[in-house]
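Derivation of every value follows stated rules applied to the coordinates shown; laboratory data play no part. This one's a predicted model, so the numbers in the text were calculated from it and none came from an experiment. Cβ placement follows ideal geometry from the backbone for every residue including glycine, while neighbour counts extend to all protein chains displayed.
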């Protein structure tokens, strides 16, 4: 950090608590965000809805896909639609924890110690090619992702809400990468892929992007304070005891599968619970249903599971196990 660097001012947000929203108002805002993002992301409605649901569930998103399928644009479009501060961290093997978190320095003019706030001090952070960062740098993000705070020395900084990390990784190119440890994977609420667009969607993209990229003129349709109110509204969506029991039974089943070396964590249970509430709000459902829990289980739980090496001939990854459990089978 240069000795004469200036400390960026942190955006603290309003002191007064955000005005509460009804679930109907929160659902309307969420749907507006989805429509706005789809001006940039063409033909990926389900993935956009899921990404916005992750935001409302106060989670983090891991997007694993090949280059050029709009992973970065998805993050930027959500940040701009929500009016959130946005920073991008481009991961490389020589990226240091201080490049992500920031570091203390002495102000040349005043001679006083100051702190340079790194890019992780933003409301929506894109961590591009996260598996290219060293394990040490990946670990530097764990506290922020898990507890919404960053500790440096004896000082702890609480991050402004909303706070969301969207990380990307390329599943094809593995040279020079560091696989995400299980503790890091477990902090991502959802892992998804965008995939290639269909022919008509790609044609529509060419027509729409012919003169100008929509991200350049995308306007916010809400505020960070309203996003926080939407998150709080999502937590009020009812989840009946029988639905909770079905959720817990599904998660616990992953811990009893002989083919798995690691089942889903309690964080996975809570994540599935919160995401189902957020999705029910977006869909204008009165409550969370068992069917909704089952429909979300794969994207929430599969990346948390580890299949034993000797069972890879039957189960390629955790998704195969989750599908069997949901189908009522007993994976062995």
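Structure above, values below:
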{"read-out": "Residues that are in contact with a strand residue (DSSP E or B) (Cβ under 9 Å, 6 or more places away or on another chain), over 18 Å from residue 50 (Cα atoms) and outside any strand (DSSP E or B), drawn from the stretch 68-92", "value": "84, 85, 91"}
{"read-out": "Output for the stretch 120-137, where each listed residue is more than 11 Å from residue 89 (Cβ to Cβ) and either under 14 Å from the mean Cα position of the chain (by Cα) or crowded, with 19+ Cβ neighbours inside 10 Å (or both)", "value": "121, 123, 124, 131"}
